[in-house]
1. Where the centre of each part is set by its Cα atoms, how far does region B:53-68 sit from region A:313-333, in angstrom?
2. Go through region A:133-148 residue by residue and turn each phi into a ³J(HN,Hα) via Karplus (6.51, -1.76, 1.60, θ = phi - 60°); whole Hz please, and just put x for glycine and proline.
3. Run the Debye formula on the Cα coordinates of the protein assembly as shown, all scatterers equal and no solvent, and tell me log10 I(q)/I(0) at q = 0.11 1/Å.
4. With bins 10 Å wide starting at 0, give me the P(r) of chain A over every alpha carbon pair, in whole percents.
5. Could you go through region A:195-210 in sequence order and give the Karplus-derived ³J(HN,Hα) for each residue, using 6.51 cos²θ - 1.76 cosθ + 1.60 with θ = phi - 60°, rounded to whole Hz, and x for Gly and Pro?
6. Apply the Karplus curve 6.51 cos²θ - 1.76 cosθ + 1.60, θ = phi - 60°, to the phi angles in region A:274-280 and return the couplings in whole Hz, x for Gly and Pro.
7. Got a sec? Charge dipole of region A:34-284, +1 on Cβ for Lys and Arg, -1 for Asp and Glu; which of A:179, A:263, A:153 is way out at the positive end?
8. Averaging sequence separations of C-alpha pairs under 8 Å and six or more residues apart, then dividing by the length of chain A, give the relative contact order as a whole percent.
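Bear in mind that the values in this text are calculations on the coordinates, not laboratory data. Just so it is clear, the model here is predicted, and its values are computed rather than measured. Here the Cβ positions follow ideal geometry from the backbone for every residue, glycine too, while neighbour counts run over all protein chains shown.
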Amino acid sequence: MSAPTVADTLRRARRGARWEVAGWVVLALVGLGAPYVLTLYQLQLAQQAAIMGILALSIGWLLRQTGQLSFGHAAFYGIAGYGTAYVAEHASLPIGLTLLAGIGCGVVAALVVGLVTIRVPGIAFAMLTLAIGMLVWVAGGQLHSITRGADGLNVSLEGSLLGKDVVMYGNPVDAWPLVWGLLMASVAALWALSRTTWGRRLASIRDNEERVRFSGYATYWPRVVAFTVSGLVASLAGTVNLVTTSFISLETLYWSTGGLALIVAVIGGVRSVLGPPVGAALFIVLQNYLSGSGAHYQAVLGVVLIIVVLVAPGGLAEIAARARTAAVVRVRHRATEPAPPAPARDPLDAGAAPSTDTAGARRAAAR
Amino acid sequence: MSVQVLNGLAFGVLLLVLSSGLALIFGLRGVVNFAHGAVYMLAAYVAMSLSGRTSFWVALVVVPVVLAVAGLLVDRFGLRYLVGRSPLDMVLLTFGLTFVIADVVQSVWGTQAYTIDPPSVLAGSTDLGFATYPTYRLFVIAVGLLACAGLMTWLKFSRTGLFVRASSDDRVTAGAMGVDVDRVSATVVALGFGLAGLAGVLAGPYLTLSPAMGTQILIITFIVVVVGGLGSIGGPMVAALLIGLANSITAVHAPTLSAYVPYLLMLVVLLLRPQGIAGRRTAL
């Protein structure tokens, strides 16, 4: 038996992707049936989880694709929400345009922040996004006439969205198809984006920016666009949050909104697109379950995060992938006598894989 | 005006103690310690309870020591396993620690705010000739400056201090020269936690205790370290005093602007001079 060729490997990867897509389509369809199974309260929790999942997805995807950790995504989430509220109150646009305008505010903010910050490497990027996020929060507190500060802003949207009065989306049963659909659409879109040439180039820039530049590719604009896309997804979450709750307060702009979403994304696993939403679901369930018994969910969350970082830096997604690999190896081992070589890791993941040698350390430091 | 300068100095010194711990840990472990603010908060609360039972002076000594031991454990059982991994992993670890400490504080002391009185020796005001000023704040300034002077002397003249400077300059080479880098790192993380503890004890009778105090000061401390320059100790010291002064002066003369000042300062510094005032390298 000869060694597998590149074409073989690619074919296998494509076949794998096809199965993955099929699995997601099934998941998306099954998810639509949630209102028929869950109680109203559970559905409300599921909706919260889905919205948090979209926000976590935006941060997780940015981290996975560019290696950059943003602590400022709460700003885009909040700006989109406040933008929608402001447009709804001051301009009598149709509801669709109002929502688009709100999302547009978040996207523009993300573009501006991306243009300014994207060149800054590593930890400094995290700190810079944190500072900008806090700047937006301070500004939000001072623009009391628009944001109503800590009291929060009750928003009444009017019009009909996708065949329903927009007020109806306050009810989780009516809102669920929209929220779930948006979550699955974001997952699919970001997954597809990371498989394009552009997505691959982003990953190369993450692994070695200088090398990519040396090879003649632009390294600035692709990352700005990636940051903007990530901001778009965060804005989407912010606007959907406003539509379903009709309420927004200064809390949404505070950095911990984004920080929590980041934790959730890491626990779920950022290497898989589905990881962050799974992490969000787990968080909401955990929070709900624990708040009934003494409210120690913060400590549990912190401990879970510490354990995940120490033991399985890829999060739940990595644990699942490891289990699958182990199962596959065992099955193949039984079928054919000579043991197959251990499956090689996806080269794109190698940079984030745990490595204790100094070369790995240097590579990690260089990122 | 001189009172405002003193106010700025008092707050600046608090930032000084906090940021030198943060900068030390960054230099050795390459980690931005997100738990620094939480440790500071925990110290303030523990000191409050302890000085209620015994006295403020006992708390001033005991709390930093206990937290230094805690720092030793965090380094030994946490950070040490992450050497060679992405620096972001360490950030996330300390971020998790923040949540745990916040939960502990909220479940032991509740969510209400506390103010504590300074010990009777330091209560009241002192006449400085040009102004009368609260004695406790003068005490904060004195202790903070003393601690930092001690730290600088230790770094400059002791053998361990030499190892610390060598290891933060180049971990691998220092290790090859026979420095036990892990041990030096453990010392430094313990020292950093101890300094955060000292700042917390000092802050108790000076600021208000609330579950939000950790995050508030953490972000300003980050700003100090970034503005001063990651990887340097002297830079953050200058930046701490600068931001303390800017804070107290704008609070009087331009109150609407004052909340923006630290963030704007950080933004400008990171964009124009990413290595900060005195940093020799960029922030990774």
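1. Value for the Cα centre distance between the two parts: 49 Å.
2. Computed from phi, the couplings for region A:133-148 are x, 5, 4, 5, 5, 4, 4, x, x, 7, 7, 4, 5, 8, 9, 6 Hz.
3. -1.16
4. 5, 22, 32, 25, 12, 4, 1, 0
5. Listing the rounded values in order: 9, 6, 4, 4, x, 5, 5, 4, 5, 5, 4, 4, 6, 7, 5, 5 Hz.
6. 3J(HN,Hα) across region A:274-280, in whole Hz: 7, x, x, x, 5, x, 4.
7. A:263
8. On the way: 495 pairs, mean separation 97.5, N = 367.
Over chain A, the number comes to 27 percent.
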